[in-house]
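Contents: one structure, followed by commentary.
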Amino acid sequence: MNSLNNNNTVSDPLVEDHPNDINQTTLLLLPNNKNKKTNTVMLNNNNSYSSLRSTASDNTNTPMFWPYQDDELLMSSNNNNTNRRHNHRQNSIVSFLARSRSNTIISIKRNYHKVVRYKHFKKFMGMFIASVVIYIGFTLAFLPRTSLSRDFRRIHFSTKFTKPEIYRVYLDSLQQNHLELKRLSGILYDEKQKKKYNHKFNHLFNDNELTQFTFNYLEDVLHLNPKILKSESLPDTPTTDTISNNNIVVKSELSLWEDGRLVHQTGLQEPCLDETSCNPKALPGYIAFSGNGTIKAQFVYVNHATFQDFQDLVVSNHIAVHGKIHIIKIINEKSMSISSQIRNSINNGAVGCVFFKDDEDDGEVTKSNGYKSYPNGPARNSQAIQRGSIYDGLMMMNKNNNIDIPVISLSYYDVLPILNKLSGVGIPLGSKDVANNNLFYSGPSNKTQLLKIRSFQSDNSIDSVQNIVVNIPGIWKDEEIVVTSQRDSFTVNGFNSGFLIFLEVARGLSKLKENGWKPLRTIKLVSLDGESVGKMGSSSFIQEIGNLKSFIHINLPPDMVSGSQFHCQSNEMLRSLLEEASKSTPYGSVEGNTLFDNWKSWSRINNQKDVEIDELDTDSSSLGFQTLLGVPSVNCKFENNKETDAIYLKNSNYNSKEMMEKFFDPDYKTHSSLSKFVGFLILMGGEREVIYYDYFQFFQKLKTNFLNKFSLTTTNVTRYAHVQNSIIDVMEKLISNSIQLDDYNKLLQEQTIIDYPWYQFYIKMNILFKIKRLNNQLISLRNVFLIMKMKDGFRKNSYQNTYDFISQPNNFKGAKIKMLGKLECLLQLDNQADIEDYLYSMLLKKLLEFNQMIFDDILAYT
């Protein structure tokens, strides 16, 4: 009888009584009809059965059991049955003797599946490894050949930047940038725009408002992370209190007295002609750092106060110049500096100095040639005053800097009545009153004709300067490019082209940074304070953080746009770099024209085979870098062509935004071209793996300069013939060896762009090591010409402990950093002992050392 359990299941007694006898169970599922109960029949080993009744709900699905088809599940079921049989017969002798066939079969099957699985896994892993090897081999086989230059940049920044693409992105970022320059010019120099933005710039030394604007522009707009470096102790500034932070000059007067009566007086103020000169804060004429006080004495005209002028006056004609006020005409800045003129006058007994500027150096554009004067025309306005500074850079070379005599500057219009009092007295000195065609005479004035000078500059001393420095870290941090530009001027609201171009170059570099660019070499952008009144910013910067890591210095002067002829002043070692950068810079309205074309055309006029590179001005930031650190410097600008260009009124109240837009660069496209050129100069110098020094050009020019110095007099040629011949022989060897050095430089640079397969990576590594070694040697060669100063009073590790004895100014002229300028001074003084010491102990010795370094350390390993 079947009994019905709680689950409505019919159970078989045999199954219930002998559960362990069930050896194998097979489930058979009878057909299932909808809305009917399903009967499940279970067959045991004795063909008995048990019936399991399960109810199925109309709304639910009953689990369906199908026969096992998987071997592993079947083995699992057999194994369970075997275990039950084993438990049932575990005390039987038969069970002890019986062979467990089911266990053997299951074991074989289980091991078979393990083997199969392991075999498949092993095959899979083998195929995987083989695939990886094939993929890598295939990839390497078709891997593109790459160059050192490309790989080096891929490691350090985005793969999309090759050197040509860096130049392209920079150029693209400055398209139509003349509009941005015009906008910036309005903010900085237009009174209406300044009021709109609530700016109060005066552009004088220590202009806190301008300093803050420059910092914010670099920080918030360009995201270049600038820093303000405030220098509290300034190197070699005058110890007397001479100048205020905001109002440089308190009062400056000049008057002419005759027989005790005042016959002429001027307040040294330029008339109001445009918005800038009409500014109520406009300053009178002054020479910064002159002595304070009042002096009344006879006067004498000394022309340009050159060494030769005093030879003519005192030695040849016995003109009394001692104890007199010297009237001095400002000479062309390329010929002599104001500080040299003052020094020469003081050496000849001057008790005061009066400076003026006429149209002697203005070329064709003068009033006598029919041109109208500013603001109605391009000629010089006779009432313009050119300001200057006693402390012009040359003072960094000398410990005795203080000049305690009063020095002022006045216009040609105001000096003319004074010079006319000397007519016919003394000797004529070559200059003349252009308007009246009268020669200027030396004088001196008689005892009843006296000149009175009153110069009072503020009693607040210069206590600090605020330089703003942007540091763009490079991959090679041991080599730096330094770009400097002053932001201050001699006059309130004085226009500064270099400062505008500096900000625009910074904008172009910031665009590159935004695109993931990182320079090969570190770039420092330095906005200098206090440059106009005495090179305070550059001298403090050099003393505090300037070092020999700088391998190129680029200066952006305030008169960067003062004509139509492109011209460069530079160390000759940078000639190749300058030519390449100018050839890459578009210029003018004709497509394909470059700055180099303009430069070349100007050089042809002067019968130059190559583009002409002039010597650096002492009145620039380059003086400290070149003469004290030996860092090759460059200073490029557009100059007056002496034929059709308007006259640039330097350091005058008329040097204004109005003058610039009316006569020089109305749409700021010249400024735009220069900002692109300076950017290319930075990038081409900084991104070139091998330092861009041209020693062949350097020694060629050095030899020419040396021969010119000794061709001045027959005496010098014969007296120093022996050492002269020895020096020339060494120079010729240097020229020959420097050709090989420059060729090796070019060869290494060319190898950086040669593509090599991946398995020749060691060749690229070898090239890289050679480049770093050569770069270090090129800088070491440059430093051979640095001489340690052995005088007392110099601070340890100060930049003043060294100077470049090759590149020095002639102290009698001072306007230029000349090759062998010190030798030129010695030859003028004709001091035989000092000349021989210079030739033997310095020049010949250093040239031999230089040649030995090239031959032993560089060419021997090429």
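Is it true that residue 737 is closer than 30 Å to residue 848 by Cβ and out of contact with any Lys or Arg (no Cβ under 6 Å at 6 or more places or on another chain)? For residue 737, the condition - closer than 30 Å to residue 848 by Cβ and out of contact with any Lys or Arg (no Cβ under 6 Å at 6 or more places or on another chain) - is met.
Checking residue 642 against (1) surrounded by fewer than 23 Cβ atoms within 10 Å (Cβ to Cβ); (2) at negative phi, only one condition comes out false. Which one? Condition not satisfied by residue 642: (2). Within the stretch 330-353, track down each residue that is crowded, with 24+ Cβ neighbours inside 10 Å and over 35 Å from the mean Cα position of the chain (by Cα). Across the stretch 330-353, the qualifying residues are 344, 345, 350, 352, 353.
I'd like to check something: does the stretch 695-717 contain any residue that is out of contact with any strand residue (DSSP E or B) (no Cβ under 6 Å at 6 or more places or on another chain), touching a residue at least 60 places away in the same chain (Cβ under 8 Å), not in a helix (DSSP H, G or I) and not β-branched (Val, Ile, Thr)? Yes - at least one qualifying residue is present in the stretch 695-717. Of all residues in the stretch 192-206, those that are open to solvent by less than 60 Å² (accessible area, probe 1.4 Å) and out of contact with any helix residue (DSSP H, G or I) (no Cβ under 9 Å at 6 or more places or on another chain) total 1. Among residues of the stretch 524-567 being of a type in the set (D, E, K, R) and within 22 Å of residue 288 (Cα to Cα), the one that is modelled with the lowest pLDDT is 535. Does residue 219 qualify as being in contact with a Lys or Arg (Cβ under 8 Å, 6 or more places away or on another chain), at pLDDT 90 or above and either of a type outside the set (Ser, Thr, Tyr) or over 30 Å from residue 769 (Cα atoms) (or both)? When the stated conditions are applied, residue 219 does not pass them.
If a residue must be under 27 Å from the mean Cα position of the chain (by Cα) and either under 18 Å from residue 271 (Cβ atoms) or in a helix (DSSP H, G or I) (or both), how many such residues does the stretch 657-674 contain? Counting residues in the stretch 657-674 that are under 27 Å from the mean Cα position of the chain (by Cα) and either under 18 Å from residue 271 (Cβ atoms) or in a helix (DSSP H, G or I) (or both) gives 9.
Pairs meeting the criteria (first residue in the stretch 570-596 and farther than 23 Å from residue 816 by Cβ and aromatic (Phe, Trp, Tyr), second residue open to solvent by less than 50 Å² (accessible area, probe 1.4 Å) and assigned to a helix (DSSP H, G or I), beta carbons under 7 Å, at least 6 apart or on different chains) are 587/595; 587/598; 587/673; 596/579; 596/582. If the condition is being surrounded by fewer than 23 Cβ atoms within 10 Å (Cβ to Cβ), in a loop (DSSP other than H, G, I, E, B) and either hydrophobic (A, V, I, L, M, F, W, C) or modelled with pLDDT under 85 (or both), then the stretch 599-628 contributes 606, 607, 608, 609, 610, 611. Condition check for residue 696 on (1) open to solvent by less than 30 Å² (accessible area, probe 1.4 Å); (2) under 27 Å from the mean Cα position of the chain (by Cα): one failure, at (1).
Of all residues in the stretch 298-317, one or more are out of contact with any Asp or Glu (no Cβ under 8 Å at 6 or more places or on another chain), touching a residue at least 60 places away in the same chain (Cβ under 8 Å) and farther than 23 Å from residue 812 by Cα. Checking each residue in the stretch 273-296 for being among the hydrophobic types (A, V, I, L, M, F, W, C), within 18 Å of residue 325 (Cβ to Cβ) and surrounded by 19 or more Cβ atoms within 10 Å (Cβ to Cβ) picks out only 287.
Determine whether residue 524 is of a type in the set (Lys, Arg) and part of a helix (DSSP H, G or I). Against the criterion (of a type in the set (Lys, Arg) and part of a helix (DSSP H, G or I)), residue 524 does not qualify.
Within the stretch 660-669, is even one residue among the hydrophobic types (A, V, I, L, M, F, W, C) and out of contact with any strand residue (DSSP E or B) (no Cβ under 6 Å at 6 or more places or on another chain)? Yes. Taking the stated definitions as given, is residue 469 touching a residue at least 40 places away in the same chain (Cβ under 8 Å) and out of contact with any Asp or Glu (no Cβ under 7 Å at 6 or more places or on another chain)? So residue 469 passes the test. When restricted to residues that are hydrophobic (A, V, I, L, M, F, W, C) and outside any helix (DSSP H, G or I), the stretch 821-862 contains 0. The set of residues in the stretch 421-475 being surrounded by fewer than 19 Cβ atoms within 10 Å (Cβ to Cβ), modelled with pLDDT under 90, assigned to a strand (DSSP E or B) and among the polar types (S, T, N, Q) consists of 431, 438. The residues on offer are 749, 760, and the sole one that is open to solvent by less than 70 Å² (accessible area, probe 1.4 Å), modelled with pLDDT of 90 or more and in a helix (DSSP H, G or I) is 749.
For the stretch 531-554, does any single residue satisfy the condition of being hydroxyl-bearing (Ser, Thr, Tyr), in contact with a strand residue (DSSP E or B) (Cβ under 8 Å, 6 or more places away or on another chain) and part of a loop (DSSP other than H, G, I, E, B)? Yes: one or more hits.
Return a yes/no flag: does the stretch 383-398 have any residue that is open to solvent by 30 Å² or more (accessible area, probe 1.4 Å) and modelled with pLDDT of 90 or more. Within the stretch 383-398, one or more residues are open to solvent by 30 Å² or more (accessible area, probe 1.4 Å) and modelled with pLDDT of 90 or more. For first residues located in the stretch 205-226 and under 19 Å from residue 496 (Cβ atoms) and in a loop (DSSP other than H, G, I, E, B), partners that are of a type outside the set (Lys, Arg) and open to solvent by less than 10 Å² (accessible area, probe 1.4 Å) and lie 6+ apart or on another chain with Cβ distances below 6 Å form the pairs 205/488; 205/530; 205/533; 222/506; 222/510; 226/218; 226/468; 226/470.
On the stretch given as the stretch 722-741, residues that are aliphatic (A, V, I, L, M) and more than 36 Å from the chain's Cα centre (by Cα) total 3. Given the condition exposed (fewer than 14 other Cβ atoms within 10 Å of the Cβ), modelled with pLDDT of 75 or more and farther than 30 Å from residue 513 by Cα, answer yes or no: does some residue in the stretch 90-113 qualify? The answer is no; no qualifying residue exists. Only one residue in 754, 728, 771 is assigned to a helix (DSSP H, G or I) and open to solvent by 20 Å² or more (accessible area, probe 1.4 Å), so which one is that? Result: 728 is the single residue among 754, 728, 771 that is assigned to a helix (DSSP H, G or I) and open to solvent by 20 Å² or more (accessible area, probe 1.4 Å). Filtering 559, 478, 488 for residues that are touching a Lys or Arg at 6+ places or on another chain (Cβ under 9 Å), of a type in the set (Asp, Glu) and assigned to a loop (DSSP other than H, G, I, E, B) leaves a single hit, 559.
The values are calculated or read from the model by the stated rules, or taken from the named source; none is laboratory data. Worth saying up front: this structure is predicted, and the values here are computed from it rather than measured. Don't worry about glycine lacking a Cβ; one is built from the backbone with ideal geometry, like all the others, and counts go over all protein chains shown. For accessibility, only protein heavy atoms count, side chains too; no ligands or nucleic acids. Shrake-Rupley method; radii C 1.70, N 1.55, O 1.52, S 1.80 Å.
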